[in-house]
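Structure record follows, encoded as structure tokens.
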Protein chains: 2
Amino acid sequence: MATDIEIAQQAKMQPIEDIAAKLDITPDQMERYGDYIAKIDYSKVETEANKGKLVLVTAITPTPAGEGKTTTSIGLADGLTKIGKKAAVAIREPSLGPVFGVKGGAAGGGYAQVVPMENINLHFTGDIHAITAANNLIAAMMDASIHNGNPTNLDPRRVEWRRAIDMNDRQLRNMVNGIGNRADGVPREDGFDITAASEVMAVLCLAEGVDDLKERIGRIILGYTYENEPVTVSEIKAEGAVASLLRDALKPNLVQTLEGTPVFVHGGPFANIAHGTNTTIATKMSMSNADYTITEAGFGADLGAEKYMDIVSRFADFEPDAVVVVATIRALKMHGGKELDELKDEDVDAVRAGLPNLVRHIENMQDTFGMNVVVAINTFPTDTEAEVEALREEVADRGVNVVQATHFSDGGAGATDLAEEVVRLCDEPSTIKYAYDLEDSLFDKVEKIVKNVYRGDGVEFSTKARRKLQQYEDLGYGNMPVCVAKTQMSFTDDAKRKGAPEGFEIAIDDASISAGAGFIVVQSGSIMKMPGLGKTPAATKIDVANDGTISGLF
Amino acid sequence: MATDIEIAQQAKMQPIEDIAAKLDITPDQMERYGDYIAKIDYSKVETEANKGKLVLVTAITPTPAGEGKTTTSIGLADGLTKIGKKAAVAIREPSLGPVFGVKGGAAGGGYAQVVPMENINLHFTGDIHAITAANNLIAAMMDASIHNGNPTNLDPRRVEWRRAIDMNDRQLRNMVNGIGNRADGVPREDGFDITAASEVMAVLCLAEGVDDLKERIGRIILGYTYENEPVTVSEIKAEGAVASLLRDALKPNLVQTLEGTPVFVHGGPFANIAHGTNTTIATKMSMSNADYTITEAGFGADLGAEKYMDIVSRFADFEPDAVVVVATIRALKMHGGKELDELKDEDVDAVRAGLPNLVRHIENMQDTFGMNVVVAINTFPTDTEAEVEALREEVADRGVNVVQATHFSDGGAGATDLAEEVVRLCDEPSTIKYAYDLEDSLFDKVEKIVKNVYRGDGVEFSTKARRKLQQYEDLGYGNMPVCVAKTQMSFTDDAKRKGAPEGFEIAIDDASISAGAGFIVVQSGSIMKMPGLGKTPAATKIDVANDGTISGLF
């Protein structure tokens, strides 16, 4: 089989006007970036929620064997198109960090891809660069304010706003900057996060328009004064210039699948320290103009989907009509105790041993959040019928169907069964429920997520976390939802505990506030907000020929 | 009179296809970025030098009174269009640093502007973001290589490659990064320069195509081993990925003046530590498709125009057919000893006292470089006929005409006289000469620039500079041209010495090599490669309304 980039480069793309026309979007409502990419002006296109159906694609707890959420989202939309439905995908933009690090591209794979994949994986329409610049303009204005007399009285030791770069660069994690002479700033500890982890990204993903964006940016907390009072972006008068930098980034980007299904690629990843989904604006635009919108949430359903329910659906006026839980037989075997090199041969017992992980995610989606659920098996050639049958049996009594999908090798034609089941589910009634109430204290919210979603016994707050959460309560932020940053590799806080562990507590070590985005982040263990490059970065294999053809992305 | 941004926003722009058609560029040769910006594919458009005429706009030594080189370049092109010529402008892209710092926009002013000015001044087509990413990918791969076993044996104390950001941010000038735990990199001194100062910018400006770009990037020197050997980008295998990031940035951007004259805005500023001009590719594309191409060089003619002759014209196969030296009566009075608040009233003596500065630049252009010269007076309402007449008399015996231009308030109609004189000059024969030969030693090259251009007595090399220049000679780089980084405010190395000082030496304190760009930088005094923000940055006045209208750029 050809590589992803070879398949993508052989694709015969349709002009972006033709893709837009499938959603009744006209050329005067868009700005073209070349022939196959456009930004859609939300002020000229209907952007109302709940006209079309919304399908959330999530997954079992990730393993090194892989699940294929993005690929399944794309394949499902192509499958819906194949059976005559007006479908669109609404997914997140790739970050340059993983592209040059280990993973290569992030626009699907095989015959379920979004194109033009080189552009999407490299600069695309510049949204992430705009977010980087916005994040760093805030930082530069903040440090210039400290340097030039410090009118806000911001304590340089209590600055919480970090700089951002869209790169895997561990060298920038921790630094002392502002050193040199008196003219060279104020010496303090600082560091860079990868741009997708910036609160500006979360703000952009949740903003409903320029005014809302500007207000949210103004509310961002930079740090604290010597008297322990928060200092916000509005105090350094940066929100207007920052919003100007983000004006075009707020407009959803339209591209296409290999089969010509419209795809909105907008907003950034990071479903641990942020909610990590497609933007509210793009999702609503898609729901207004397509009958079925397929979106995805990051990591396993305990992290990404939990945040999609408790944060995104609560803030925006839309909620999923159906949830697809993606699993692979290979990954279930890993949850059943097998290693990565032991997955080739049939092993029904290992699949059975791994199923409790899947079942717990299904229970959460159905019971905790009130969703209609289907399990999609992202098929590998090594899967056997006996293994799939074991899975079917296990979830049958919950009324959940299991559908095998072969979109990776067959495109939309391999996902028509999944599409039919999704259509059926979207017509079933459902009402969203939440893991906690906004009126609960911040402490109770964390406790409820642990008990109702992770299925642990309770929470152990560190003194630091307890002190900070109490401070946020005292400052009046107690009604915000909570965003748990935790390893995505386990229901517990120990990445090595696969399957569906019981009898554990979650240790919460730290907390921070994203006052612009509107949630409190609680952190279990150390969260990597700046990845590093390995010994042989993927970048060493990426190249461009004199005619402009790029190779080495995958 | 309306502000620049008000004039720009009231402009009725022509579709970019119509602008391209004026240069016989067809829609299949371009990628549109919205309706009024396009990237032109140099592989599909003739990009040969010396078909059309090339006009270089330069200026007297800058003063706080201002000269208006960019405004004059735009007005002249509009003037040429007005008298029936097929003209285009080829200028540099603005940097976000000054936009948010003090100066606001950088796309002309008054009725001599390039539009859409908000887009050009903010992210434009993302070229500068791409250069930032390329610069920092090199840095991340270099530090990852040091971290992961250091196979190139690069001495962390001798790293010369710095990171880049397109922002005025003094806090990032000097830092110690790589601190924390063992997994967080290797502690070393580092810092950020503004992106326009990155060697990647210089490389992009000089590259003839993707292969040339990749070779130049591979030759960039990162630093030195413990054994004093240079380590290049090709040794960390970064050039392919870096060139992939720059693939689209290498394509010239086409926009328009307020009067619909085509403008190529491509490449970055910094005419001190780099050559600081429009890209070679864009200039050649313009010369292939327009009869008159107007380009500009940064700062005064001793810095920008010297580099245009000795570096750009030598590397590329084009040379100016005429040189416009821009002056203002106000600035001449400052060279004559007046202060900024003393320029309103007629003062022929002050003009006469300042004229030696202009005359020295004219002599350099005519005698040292062999150019045909016209003086353009960028007219202010306070100029008097007696003041202009003093100027005319002074340069008449050198065969140089003086033309008053009022493009700032009148657009192209205010620059038709200048256009006529430029047309006349372009038909006069001229042959470029250089300030030095490539075979001269690096020391002799600097000496010749000082004597033949600045008109000083000689050079005083510091021990450090002498040692480095000798090292570059020993490493085989002795045949490269020399790029002098020096204050632009004086012919001397003392910013306060205006006019045409005599009897001085230039102190050269340091040197560095841009092996990818292909020149040696020698540095006089401390050069600011990372500006800072003042007490009230321009950014505090920039805003965007809910309908997307941006205000506060100027």
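Okay, here's what the table says:
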item: Residue in the stretch A:343-360 that is modelled with pLDDT under 95 and among the basic types (Lys, Arg) present; result: yes
item: Close pairs (7 angstrom Cβ cut-off, 6 or more residues apart or separate chains): under 13 Å from A:GLY101 (Cα atoms) in the stretch B:132-143, among the polar types (S, T, N, Q) and open to solvent by 10 Å² or more (accessible area, probe 1.4 Å) anywhere; result: B:ALA140/A:ASN168
item: Of all residues in the stretch A:495-537 being at the interface with chain B (Cβ under 8 Å from one of its Cβ atoms) and open to solvent by less than 30 Å² (accessible area, probe 1.4 Å), the one that is farthest from A:VAL203 (Cα to Cα); result: A:PRO537
item: Any hit, the stretch A:528-543, residues being free of Cβ contacts under 8 Å to residues at least 12 places away in the same chain and touching a helix residue (DSSP H, G or I) at 6+ places or on another chain (Cβ under 6 Å); result: yes
item: Count of the stretch B:381-397 residues which are surrounded by 13 or more Cβ atoms within 10 Å (Cβ to Cβ) and under 18 Å from B:VAL324 (Cα atoms); result: 5
item: Qualifying residue in the stretch B:152-165 (condition: in a loop (DSSP other than H, G, I, E, B) and within 9 Å of chain A (Cβ to nearest Cβ)); result: no
item: Residues (part of a loop (DSSP other than H, G, I, E, B), within 16 Å of the chain's Cα centre (by Cα) and within 18 Å of A:ALA65 (Cβ to Cβ)) located in the stretch A:293-342; result: A:GLY298, A:PHE299, A:GLY300
item: Residue check, B:ILE5 at pLDDT below 95, open to solvent by less than 40 Å² (accessible area, probe 1.4 Å) and in contact with a helix residue (DSSP H, G or I) (Cβ under 7 Å, 6 or more places away or on another chain); result: yes
item: Subset of the stretch B:173-201 [within 9 Å of chain A (Cβ to nearest Cβ) and outside any strand (DSSP E or B)]; result: B:ARG173, B:ASN174, B:GLY178, B:ILE179, B:GLY180, B:ASN181, B:ALA183, B:ASP184, B:GLY185, B:VAL186, B:GLY191
item: Criterion violated by B:ALA134 - all others in (1) surrounded by fewer than 19 Cβ atoms within 10 Å (Cβ to Cβ); (2) outside any loop (DSSP other than H, G, I, E, B); (3) out of contact with any strand residue (DSSP E or B) (no Cβ under 7 Å at 6 or more places or on another chain) satisfied; result: (1)
item: Filter result for B:THR26 (assigned by TED's automatic domain parsing to the domain that holds B:HIS275, of a type in the set (Ser, Thr, Tyr) and within 25 Å of the chain's Cα centre (by Cα)); result: no
item: Subset of the stretch A:472-494 (residues that are part of a loop (DSSP other than H, G, I, E, B), of a type in the set (A, V, I, L, M, F, W, C) and closer than 26 Å to A:ALA207 by Cβ); result: A:LEU475, A:MET480
item: Flag if B:ILE19 is over 28 Å from A:ASN119 (Cα atoms), open to solvent by less than 40 Å² (accessible area, probe 1.4 Å) and either hydrophobic (A, V, I, L, M, F, W, C) or touching a residue at least 12 places away in the same chain (Cβ under 8 Å) (or both); result: no
item: The lone exception for B:PHE491 - which of (1) more than 30 Å from B:GLU229 (Cβ to Cβ); (2) surrounded by fewer than 21 Cβ atoms within 10 Å (Cβ to Cβ) it fails; result: (2)
item: Matching entry among A:LEU250, A:LEU254 (being under 19 Å from the mean Cα position of the chain (by Cα), in a strand (DSSP E or B) and at pLDDT 95 or above); result: A:LEU254
item: Output for the stretch A:324-339, where each listed residue is open to solvent by less than 10 Å² (accessible area, probe 1.4 Å) and either among the hydrophobic types (A, V, I, L, M, F, W, C) or modelled with pLDDT under 95 (or both); result: A:VAL324, A:VAL325, A:VAL326, A:ALA327, A:ILE329, A:ALA331, A:LEU332
item: Of the criteria (1) over 16 Å from A:ALA139 (Cα atoms); (2) outside any loop (DSSP other than H, G, I, E, B); (3) within 12 Å of another protein chain (Cβ to nearest Cβ), which one A:ALA241 fails; result: (1)
item: All positions within the stretch B:237-273 that are open to solvent by 10 Å² or more (accessible area, probe 1.4 Å), under 30 Å from B:VAL522 (Cβ atoms) and assigned by TED's automatic domain parsing to the domain that holds B:VAL89; result: B:PRO269, B:PHE270, B:ASN272, B:ILE273
item: Residues of the stretch A:190-236 satisfying the condition of being surrounded by fewer than 18 Cβ atoms within 10 Å (Cβ to Cβ) and among the β-branched types (Val, Ile, Thr); result: A:THR225
item: Residue that is farthest from the other protein chains (Cβ to nearest Cβ) [pool: residues in the stretch B:538-554 that are open to solvent by 10 Å² or more (accessible area, probe 1.4 Å) and part of a strand (DSSP E or B)]; result: B:SER551
item: Enumeration of residues in the stretch A:340-391 that are closer than 25 Å to A:ALA305 by Cα and basic (Lys, Arg); result: A:ARG352, A:ARG360
item: Residue ranges of strands (runs of 3 or more DSSP E) in the stretch B:1-64 with at least 1 members in contact with a Cys (Cβ under 9 Å, 6 or more places away or on another chain); result: B:53-59
item: Exclusive hit being away from chain B (no Cβ under 12 Å), in a strand (DSSP E or B) and in contact (Cβ under 8 Å) with a residue 24 or more places away in the chain, set A:LEU204, A:LEU222; result: A:LEU222
item: Residue count for the stretch A:422-450, restricted to those that are over 24 Å from A:SER73 (Cβ atoms) and in contact with a strand residue (DSSP E or B) (Cβ under 8 Å, 6 or more places away or on another chain); result: 8
item: Condition check for B:VAL375: farther than 27 Å from B:ALA517 by Cα and assigned to a strand (DSSP E or B); result: yes
item: Among the residues listed as A:LYS39, A:LYS44, A:LYS69, A:LYS85, the single one being among the basic types (Lys, Arg) and open to solvent by less than 20 Å² (accessible area, probe 1.4 Å); result: A:LYS39
item: Neighbours by Cβ (under 7 Å, 6+ apart or cross-chain): first from the stretch B:440-453, of a type in the set (A, V, I, L, M, F, W, C); second assigned to a helix (DSSP H, G or I) and open to solvent by 10 Å² or more (accessible area, probe 1.4 Å); result: B:LEU442/B:GLU473; B:VAL453/B:THR368
item: Members of the stretch B:99-150 that are among the acidic types (Asp, Glu) and over 17 Å from the mean Cα position of the chain (by Cα); result: B:GLU118, B:ASP143
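The values are calculated or read from the model by the stated rules, or taken from the named source; none is laboratory data. In this text the structure is predicted, and so the values were computed from the model without any measurement. Cβ: placed from backbone, ideal geometry, glycine included. Neighbour counts: every protein chain shown. The accessibility values were calculated without ligands, DNA or RNA, using every heavy atom of the protein model including side chains. Shrake-Rupley method; radii C 1.70, N 1.55, O 1.52, S 1.80 Å.
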